[in-house]
Amino acid sequence: MTDDLRKLVEEDLPRLAYQIMKPVATMPNSAFPRGRHNFVRSADWGRLNAAERLDYAGPDTLDGATGYHYKGRWSHAEGGHLMDQWWIGFYGINLTDITDEAPEPVQVDNSEVKTISIVDYKNNNASIRRIKSNKSETKDTSSEKTFEATAEAEFETSITRSAEASIGPVSGKSEFMAKFRSKISASAGGAWRSSDRIEEQVDEEYDVLPFSHRQLTIKEGQPHIRQKIPTKGLLDCKVRIYIYNANAQTFDSLDHVIRCWSGLRPGHVAYSSWFGGGNAVPQSDIDQWVRPYLNLDIEVEADRVRYFGKEDNGWPIPGHEADYEKAKEAYFASIEKGAR
(Lines give C-alpha, C1' and ligand atoms only; values in the text may rest on other atoms or scores of the structure.)
Protein backbone atom coordinates (compact mmCIF):
# COMPACT_ATOMS: atom_id res chain seq x y z
CA MET A 1 0.00 0.00 0.00
CA THR A 2 1.46 3.37 -1.01
CA ASP A 3 1.87 6.13 1.54
CA ASP A 4 -0.90 8.15 -0.13
CA LEU A 5 -3.31 5.24 -0.07
CA ARG A 6 -2.40 4.36 3.52
CA LYS A 7 -3.14 7.94 4.61
CA LEU A 8 -6.47 7.82 2.77
CA VAL A 9 -7.54 4.46 4.20
CA GLU A 10 -6.17 4.81 7.72
CA GLU A 11 -6.59 8.54 8.40
CA ASP A 12 -9.03 10.34 6.11
CA LEU A 13 -11.75 7.77 5.48
CA PRO A 14 -12.11 6.71 9.16
CA ARG A 15 -12.80 10.34 10.07
CA LEU A 16 -15.22 10.82 7.17
CA ALA A 17 -16.98 7.56 8.09
CA TYR A 18 -17.50 8.87 11.63
CA GLN A 19 -18.78 12.24 10.37
CA ILE A 20 -21.34 10.56 8.08
CA MET A 21 -22.54 7.97 10.59
CA LYS A 22 -22.78 10.12 13.70
CA PRO A 23 -26.01 11.84 12.48
CA VAL A 24 -27.43 8.39 11.61
CA ALA A 25 -27.14 7.50 15.31
CA THR A 26 -29.75 10.19 16.03
CA MET A 27 -32.36 8.47 13.85
CA PRO A 28 -35.04 6.61 15.85
CA ASN A 29 -36.16 3.11 14.93
CA SER A 30 -39.39 4.60 13.59
CA ALA A 31 -37.44 6.41 10.86
CA PHE A 32 -36.70 3.09 9.17
CA PRO A 33 -39.14 0.93 7.21
CA ARG A 34 -41.30 -1.16 9.53
CA GLY A 35 -39.62 0.51 12.50
CA ARG A 36 -36.62 -1.84 12.33
CA HIS A 37 -33.89 -1.51 14.94
CA ASN A 38 -31.23 1.14 14.22
CA PHE A 39 -28.12 -0.69 15.40
CA VAL A 40 -26.00 2.44 14.81
CA ARG A 41 -27.49 3.83 18.02
CA SER A 42 -26.15 0.82 19.91
CA ALA A 43 -22.49 1.62 19.35
CA ASP A 44 -20.27 3.00 22.09
CA TRP A 45 -20.56 6.62 20.92
CA GLY A 46 -18.75 7.93 23.98
CA ARG A 47 -15.61 6.23 22.76
CA LEU A 48 -16.31 7.09 19.11
CA ASN A 49 -16.84 10.76 19.92
CA ALA A 50 -13.55 10.85 21.79
CA ALA A 51 -11.68 9.35 18.83
CA GLU A 52 -13.79 11.09 16.13
CA ARG A 53 -13.23 8.15 13.80
CA LEU A 54 -14.58 4.70 13.06
CA ASP A 55 -12.40 1.61 12.98
CA TYR A 56 -11.04 0.29 9.72
CA ALA A 57 -12.54 -3.16 9.14
CA GLY A 58 -10.57 -4.16 6.06
CA PRO A 59 -10.92 -4.09 2.26
CA ASP A 60 -14.15 -5.01 0.53
CA THR A 61 -15.64 -5.11 -2.97
CA LEU A 62 -18.88 -3.83 -4.44
CA ASP A 63 -19.86 -4.67 -8.02
CA GLY A 64 -16.23 -5.48 -8.71
CA ALA A 65 -14.96 -2.17 -7.30
CA THR A 66 -12.41 -2.23 -4.50
CA GLY A 67 -13.46 -0.51 -1.32
CA TYR A 68 -12.70 -0.07 2.35
CA HIS A 69 -15.26 -0.43 5.11
CA TYR A 70 -15.51 0.92 8.64
CA LYS A 71 -17.38 -0.09 11.79
CA GLY A 72 -18.20 1.03 15.28
CA ARG A 73 -17.72 -0.98 18.47
CA TRP A 74 -19.94 -2.33 21.18
CA SER A 75 -19.49 -0.96 24.68
CA HIS A 76 -16.76 -2.39 26.90
CA ALA A 77 -19.49 -4.14 28.88
CA GLU A 78 -20.37 -6.17 25.79
CA GLY A 79 -16.76 -6.92 24.86
CA GLY A 80 -15.95 -3.78 22.88
CA HIS A 81 -15.48 -5.74 19.64
CA LEU A 82 -16.32 -4.44 16.18
CA MET A 83 -20.02 -4.43 15.33
CA ASP A 84 -21.08 -6.53 12.37
CA GLN A 85 -24.60 -5.14 12.62
CA TRP A 86 -23.69 -1.99 10.70
CA TRP A 87 -20.88 -0.54 8.62
CA ILE A 88 -20.07 2.08 5.99
CA GLY A 89 -17.92 1.44 2.93
CA PHE A 90 -16.24 3.61 0.27
CA TYR A 91 -15.89 1.97 -3.15
CA GLY A 92 -14.36 2.75 -6.53
CA ILE A 93 -12.32 5.71 -5.35
CA ASN A 94 -11.41 7.92 -8.28
CA LEU A 95 -9.82 11.28 -9.06
CA THR A 96 -12.47 13.79 -10.07
CA ASP A 97 -10.87 17.25 -9.96
CA ILE A 98 -7.78 19.23 -9.05
CA THR A 99 -7.68 22.31 -6.87
CA ASP A 100 -6.88 25.84 -7.97
CA GLU A 101 -4.33 27.09 -5.44
CA ALA A 102 -2.01 29.69 -6.94
CA PRO A 103 1.63 28.75 -7.50
CA GLU A 104 4.04 30.10 -4.92
CA PRO A 105 6.42 32.92 -5.93
CA VAL A 106 9.43 31.98 -8.04
CA GLN A 107 12.62 31.51 -6.05
CA VAL A 108 15.79 32.50 -7.89
CA ASP A 109 19.35 31.71 -6.84
CA ASN A 110 21.44 34.01 -9.03
CA SER A 111 24.74 33.48 -7.26
CA GLU A 112 26.47 31.73 -10.16
CA VAL A 113 27.76 34.49 -12.46
CA LYS A 114 30.88 34.55 -14.65
CA THR A 115 32.31 36.99 -17.18
CA ILE A 116 32.81 35.81 -20.76
CA SER A 117 34.93 37.54 -23.41
CA ILE A 118 33.07 37.53 -26.70
CA VAL A 119 35.40 39.87 -28.68
CA ASP A 120 39.10 40.56 -28.07
CA TYR A 121 40.72 41.73 -31.30
CA LYS A 122 43.56 44.06 -32.36
CA ASN A 123 43.21 45.62 -35.80
CA ASN A 124 46.58 46.88 -37.08
CA ASN A 125 45.23 47.59 -40.53
CA ALA A 126 43.83 50.72 -42.16
CA SER A 127 40.52 49.01 -42.97
CA ILE A 128 37.63 48.01 -40.73
CA ARG A 129 37.51 44.38 -39.68
CA ARG A 130 34.16 42.64 -39.04
CA ILE A 131 34.68 40.03 -36.35
CA LYS A 132 32.34 37.21 -35.36
CA SER A 133 31.62 37.08 -31.67
CA ASN A 134 33.03 34.18 -29.74
CA LYS A 135 30.00 32.45 -28.24
CA SER A 136 31.67 29.07 -27.84
CA GLU A 137 31.37 29.33 -24.07
CA THR A 138 27.78 30.46 -24.11
CA LYS A 139 24.93 28.01 -23.78
CA ASP A 140 22.06 27.83 -26.24
CA THR A 141 18.80 27.75 -24.30
CA SER A 142 16.57 27.12 -27.28
CA SER A 143 16.33 23.42 -26.47
CA GLU A 144 15.49 23.96 -22.81
CA LYS A 145 11.94 23.19 -21.78
CA THR A 146 9.67 26.10 -21.01
CA PHE A 147 8.18 26.51 -17.57
CA GLU A 148 4.86 25.16 -18.78
CA ALA A 149 6.36 22.05 -20.37
CA THR A 150 8.50 21.33 -17.34
CA ALA A 151 5.57 21.81 -14.97
CA GLU A 152 3.29 19.59 -17.04
CA ALA A 153 5.87 16.81 -17.07
CA GLU A 154 6.19 17.03 -13.28
CA PHE A 155 2.41 17.04 -12.86
CA GLU A 156 2.00 13.95 -15.04
CA THR A 157 4.67 12.23 -12.95
CA SER A 158 2.83 13.27 -9.79
CA ILE A 159 -0.45 11.76 -11.07
CA THR A 160 1.35 8.52 -11.89
CA ARG A 161 3.15 8.40 -8.55
CA SER A 162 0.27 9.48 -6.30
CA ALA A 163 -3.02 8.76 -8.03
CA GLU A 164 -2.42 5.79 -10.31
CA ALA A 165 -0.13 4.07 -7.83
CA SER A 166 -2.76 4.49 -5.09
CA ILE A 167 -6.18 4.15 -6.70
CA GLY A 168 -5.46 2.76 -10.17
CA PRO A 169 -5.80 4.18 -13.70
CA VAL A 170 -7.04 7.76 -13.83
CA SER A 171 -9.83 8.32 -16.33
CA GLY A 172 -9.84 11.72 -17.98
CA LYS A 173 -6.14 12.33 -17.40
CA SER A 174 -6.00 14.58 -20.47
CA GLU A 175 -8.71 16.81 -18.97
CA PHE A 176 -6.74 17.12 -15.72
CA MET A 177 -3.61 17.98 -17.71
CA ALA A 178 -5.53 20.67 -19.61
CA LYS A 179 -6.88 22.15 -16.37
CA PHE A 180 -3.41 22.13 -14.85
CA ARG A 181 -1.99 23.77 -17.98
CA SER A 182 -4.58 26.52 -17.68
CA LYS A 183 -3.78 26.91 -14.00
CA ILE A 184 -0.07 27.55 -14.52
CA SER A 185 -0.07 29.22 -17.95
CA ALA A 186 -0.18 32.71 -16.45
CA SER A 187 2.23 31.99 -13.63
CA ALA A 188 5.51 31.63 -15.51
CA GLY A 189 6.60 34.95 -14.00
CA GLY A 190 9.29 37.28 -15.19
CA ALA A 191 12.11 35.52 -13.40
CA TRP A 192 11.48 32.25 -15.21
CA ARG A 193 10.39 33.65 -18.55
CA SER A 194 13.33 36.03 -18.85
CA SER A 195 15.56 33.02 -18.36
CA ASP A 196 13.92 31.07 -21.15
CA ARG A 197 15.96 32.79 -23.83
CA ILE A 198 19.23 34.58 -24.47
CA GLU A 199 18.69 38.28 -24.00
CA GLU A 200 19.54 40.17 -27.16
CA GLN A 201 22.91 41.42 -26.01
CA VAL A 202 25.16 39.08 -27.97
CA ASP A 203 25.30 40.09 -31.63
CA GLU A 204 26.74 37.79 -34.23
CA GLU A 205 29.31 40.27 -35.62
CA TYR A 206 31.14 43.40 -34.48
CA ASP A 207 33.20 46.04 -36.31
CA VAL A 208 36.75 46.73 -35.15
CA LEU A 209 38.01 50.13 -36.29
CA PRO A 210 41.41 50.58 -37.97
CA PHE A 211 44.40 50.76 -35.62
CA SER A 212 42.33 49.85 -32.58
CA HIS A 213 41.87 47.19 -29.97
CA ARG A 214 38.28 46.23 -29.13
CA GLN A 215 37.16 44.13 -26.19
CA LEU A 216 33.62 43.02 -25.37
CA THR A 217 32.66 41.05 -22.33
CA ILE A 218 29.30 39.86 -21.09
CA LYS A 219 28.16 38.36 -17.83
CA GLU A 220 26.62 34.93 -17.94
CA GLY A 221 24.25 34.07 -15.12
CA GLN A 222 23.10 30.56 -14.36
CA PRO A 223 20.24 31.10 -11.93
CA HIS A 224 18.72 28.06 -10.32
CA ILE A 225 15.00 28.67 -10.46
CA ARG A 226 12.47 26.87 -8.28
CA GLN A 227 8.71 27.21 -8.02
CA LYS A 228 6.29 25.21 -5.91
CA ILE A 229 2.80 24.57 -7.25
CA PRO A 230 0.36 23.38 -4.57
CA THR A 231 -2.12 20.97 -6.12
CA LYS A 232 -4.56 18.53 -4.59
CA GLY A 233 -6.46 15.83 -6.43
CA LEU A 234 -10.02 15.66 -5.13
CA LEU A 235 -11.40 12.14 -4.80
CA ASP A 236 -14.90 10.73 -5.05
CA CYS A 237 -16.42 7.29 -4.63
CA LYS A 238 -19.58 5.32 -4.05
CA VAL A 239 -20.74 5.07 -0.44
CA ARG A 240 -22.64 2.09 0.95
CA ILE A 241 -24.30 2.10 4.36
CA TYR A 242 -25.51 -1.16 5.81
CA ILE A 243 -27.69 -1.59 8.92
CA TYR A 244 -28.73 -5.15 9.62
CA ASN A 245 -32.38 -5.85 8.83
CA ALA A 246 -33.14 -2.12 8.60
CA ASN A 247 -31.49 -0.50 5.61
CA ALA A 248 -28.79 -1.05 2.98
CA GLN A 249 -28.22 1.65 0.40
CA THR A 250 -25.56 2.73 -2.04
CA PHE A 251 -24.95 6.40 -2.82
CA ASP A 252 -23.32 7.10 -6.18
CA SER A 253 -21.02 9.79 -4.81
CA LEU A 254 -19.98 11.66 -1.71
CA ASP A 255 -21.92 14.64 -3.02
CA HIS A 256 -25.13 12.57 -2.94
CA VAL A 257 -24.49 11.78 0.72
CA ILE A 258 -23.81 15.43 1.51
CA ARG A 259 -26.97 16.64 -0.21
CA CYS A 260 -29.07 13.92 1.41
CA TRP A 261 -27.72 14.67 4.90
CA SER A 262 -28.37 18.36 4.14
CA GLY A 263 -32.04 17.51 3.54
CA LEU A 264 -31.80 18.39 -0.15
CA ARG A 265 -31.79 15.05 -1.97
CA PRO A 266 -34.84 12.78 -2.34
CA GLY A 267 -34.93 9.11 -3.19
CA HIS A 268 -32.95 7.50 -0.39
CA VAL A 269 -35.25 5.48 1.83
CA ALA A 270 -35.19 6.58 5.47
CA TYR A 271 -32.37 9.08 5.06
CA SER A 272 -34.08 11.49 2.66
CA SER A 273 -37.25 11.53 4.79
CA TRP A 274 -35.41 11.94 8.08
CA PHE A 275 -32.85 14.59 7.11
CA GLY A 276 -35.32 16.35 4.81
CA GLY A 277 -38.01 16.38 7.48
CA GLY A 278 -36.47 18.96 9.78
CA ASN A 279 -33.42 16.96 10.90
CA ALA A 280 -30.88 18.19 8.36
CA VAL A 281 -27.24 18.25 9.40
CA PRO A 282 -26.16 21.90 9.78
CA GLN A 283 -24.03 23.21 6.96
CA SER A 284 -21.42 24.30 9.50
CA ASP A 285 -21.00 20.63 10.47
CA ILE A 286 -20.86 19.42 6.88
CA ASP A 287 -18.23 22.05 6.14
CA GLN A 288 -16.01 20.22 8.65
CA TRP A 289 -16.36 16.86 6.90
CA VAL A 290 -13.16 15.42 5.52
CA ARG A 291 -12.93 15.67 1.75
CA PRO A 292 -10.56 12.90 0.65
CA TYR A 293 -7.76 14.05 -1.61
CA LEU A 294 -4.35 13.08 -2.88
CA ASN A 295 -1.39 15.40 -2.59
CA LEU A 296 -0.27 16.24 -6.13
CA ASP A 297 1.97 19.17 -5.13
CA ILE A 298 4.90 19.61 -7.48
CA GLU A 299 8.08 21.64 -7.52
CA VAL A 300 9.50 22.81 -10.83
CA GLU A 301 13.16 23.67 -10.94
CA ALA A 302 15.94 24.08 -13.46
CA ASP A 303 19.24 25.79 -14.11
CA ARG A 304 18.78 28.44 -16.76
CA VAL A 305 21.14 30.71 -18.69
CA ARG A 306 20.77 34.42 -19.18
CA TYR A 307 23.11 37.18 -20.32
CA PHE A 308 23.45 40.71 -19.03
CA GLY A 309 25.91 43.48 -18.22
CA LYS A 310 27.70 43.78 -21.58
CA GLU A 311 30.84 45.95 -21.55
CA ASP A 312 32.18 47.30 -24.83
CA ASN A 313 35.62 48.93 -24.75
CA GLY A 314 37.84 50.18 -27.57
CA TRP A 315 41.08 52.15 -27.69
CA PRO A 316 43.79 53.06 -30.21
CA ILE A 317 46.88 50.97 -30.69
CA PRO A 318 49.81 52.93 -29.23
CA GLY A 319 51.48 55.10 -31.88
CA HIS A 320 48.32 55.18 -34.06
CA GLU A 321 46.18 57.52 -32.03
CA ALA A 322 45.71 60.03 -34.85
CA ASP A 323 44.95 57.29 -37.40
CA TYR A 324 42.38 55.80 -35.01
CA GLU A 325 40.61 59.12 -34.39
CA LYS A 326 40.43 59.81 -38.11
CA ALA A 327 39.02 56.33 -38.83
CA LYS A 328 36.52 56.60 -36.00
CA GLU A 329 35.27 59.96 -37.27
CA ALA A 330 34.80 58.59 -40.78
CA TYR A 331 33.08 55.44 -39.46
CA PHE A 332 30.44 57.24 -37.44
CA ALA A 333 29.91 59.83 -40.18
CA SER A 334 29.10 56.99 -42.59
CA ILE A 335 26.66 55.48 -40.09
CA GLU A 336 24.93 58.82 -39.58
CA LYS A 337 24.75 59.36 -43.33
CA GLY A 338 23.25 55.91 -43.83
CA ALA A 339 20.61 56.60 -41.20
CA ARG A 340 19.35 59.71 -43.01
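Only one of 265, 291, 240, 259 is in a loop (DSSP other than H, G, I, E, B) and over 20 Å from the mean Cα position of the chain (by Cα). Can you tell me which?
265
Could you tell me whether any residue of region 221-240 is open to solvent by less than 70 Å² (accessible area, probe 1.4 Å), over 21 Å from residue 65 (Cβ atoms), in contact with a Leu (Cβ under 7 Å, 6 or more places away or on another chain) and charged (D, E, K, R)?
yes
Which pairs have Cβ atoms under 7 Å, sit 6 or more apart or on different chains, and link a residue in region 14-28 that is small (Gly, Ala, Ser) to one that is in a helix (DSSP H, G or I)?
From region 14-28, the pairs are 25/40; 25/41; 25/45.
Just to verify a result, which residue in region 94-138, among those that are among the hydrophobic types (A, V, I, L, M, F, W, C) and assigned to a strand (DSSP E or B), is farthest from residue 209 (Cα to Cα)?
95
Applying the selection to region 186-216, what residues are at pLDDT 80 or above and either open to solvent by 40 Å² or more (accessible area, probe 1.4 Å) or on the phi > 0 side of the Ramachandran plot (or both)?
Matches in region 186-216: 205, 211, 214, 215.
Checking residue 50 against (1) free of Cβ contacts under 8 Å to residues at least 24 places away in the same chain; (2) within 22 Å of residue 236 (Cα to Cα); (3) of a type outside the set (D, E, K, R): exactly one of these is not met. Which one?
All conditions pass for residue 50, except number (2).
Within region 53-72, is even one residue touching a helix residue (DSSP H, G or I) at 6+ places or on another chain (Cβ under 9 Å), open to solvent by 60 Å² or more (accessible area, probe 1.4 Å) and either part of a loop (DSSP other than H, G, I, E, B) or under 27 Å from residue 273 (Cα atoms) (or both)?
Yes, because at least one residue in region 53-72 is touching a helix residue (DSSP H, G or I) at 6+ places or on another chain (Cβ under 9 Å), open to solvent by 60 Å² or more (accessible area, probe 1.4 Å) and either part of a loop (DSSP other than H, G, I, E, B) or under 27 Å from residue 273 (Cα atoms) (or both).
Could you tell me how many of the residues in region 241-271 are open to solvent by 10 Å² or more (accessible area, probe 1.4 Å), in contact (Cβ under 8 Å) with a residue 12 or more places away in the chain and closer than 30 Å to residue 172 by Cβ?
11
Regarding residue 27, is this residue assigned to a loop (DSSP other than H, G, I, E, B), under 20 Å from residue 251 (Cα atoms) and open to solvent by less than 10 Å² (accessible area, probe 1.4 Å)?
In short, yes.
The values are calculated or read from the model by the stated rules, or taken from the named source; none is laboratory data. This one's a predicted model, so the numbers in the text were calculated from it and none came from an experiment. In this analysis, Cβ positions are derived from the backbone assuming ideal geometry, glycine residues included, and neighbour counts consider all displayed protein chains. Ligands, DNA and RNA are excluded from the accessible area calculation, which covers all protein heavy atoms including side chains. Shrake-Rupley method; radii C 1.70, N 1.55, O 1.52, S 1.80 Å.
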